[in-house]
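Undergrad: Just dropping this structure here.
Derivation of every value follows stated rules applied to the coordinates shown; laboratory data play no part. The model shown is predicted, which means the values in this text are computed figures rather than measured ones. Every residue, glycine among them, receives a Cβ derived from its backbone with ideal geometry; neighbour counts consider all protein chains shown.
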Amino acid sequence: MASTPVILLLKRTGNSSDRPNTATVQAGEAALSFGGADPGLYFKDSAGSIRKIGPNHYATTAPNSSPVGSAGNSVGELWTDSSTTNYYLRVWNGSAWQKVGAGFADTATTANSATTAGSAATATVANSAIVASGAYVADVASGIAIVNTLPVAYSGGLVYLNAGASGLYVSANGGWILT
């Protein structure tokens, strides 16, 4: 007896930005969009939302900004926004596109030329990471000063010496202790 091949087809479309509708897809069912502008594999989750599995969208406009099918985006969907000179990775949080790492990308203008605070002209600390941008002396968000020489009188308690015996120093009894 000869076997007959079985072909299983998903719900699918070749139209760009043609996302499946929640009314036509069952929970756990896959739907495929192979349109060149916004391809992806979609499924309906247990909460009734359409989720996208697919490539990061790279464009000047957000994915599905001109929908052919269902409007909206999936929570966690990614977009590389190339609409400005500073490209941003954005993620959809369910109501808006959020910049990923915006605290660093918006602040650093010359970070690509510095790998540590010691090789940068200015250092700024944000979320415990040093971002390079301009003069050796800078006040850090946590209250630690970055200096080239230890001050004679300092009431702040902590400084980071960025030259010589560099490190974090604590002010104690009129002197400095390297931690």
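Undergrad: Within 15 Å, Cβ to Cβ, of Val25, how many net charges do the neighbouring residues add up to if Lys/Arg are +1 and Asp/Glu are -1?
TA: Value of the local net charge: +3.
Undergrad: Just the projected area, averaged over all directions, of the convex hull on the alpha carbon atoms of region 6-88: how many nm²?
TA: Seen from a random direction, the Cα hull of region 6-88 projects 5.8 nm² on average.
Undergrad: Label Ser66 and Lys11 with points 7 Å out from Cα along Cα→Cβ: what is the distance between them in nm?
TA: 2.5 nm
Undergrad: What's the local net charge at Ala59, with K and R +1, D and E -1, over the other residues with C-beta under 10 Å away?
TA: My count for the surroundings of Ala59 gives -2.
Undergrad: Could you work out how much longer the chain between Ala96 and Ser83 gets when fully extended? Use 0.36 nm per residue separation minus the Cα distance between them, nm to one decimal.
TA: Result for the pair: 3.0 nm of gain on full extension.
Undergrad: Straight-line reach from Lys44: which lysines have Cα under 23 Å away, leaving out those fewer than 8 places along the same chain?
TA: The reachable lysines, counting only those whose Cα sits under 23 Å from Lys44, are Lys11, Lys52.
Undergrad: Ok, one more. By counting other Cβ atoms within 10 Å of each Cβ, how are Glu77, Glu29 ranked from fewest to most?
TA: The order, fewest Cβ neighbours first, is Glu29, Glu77.
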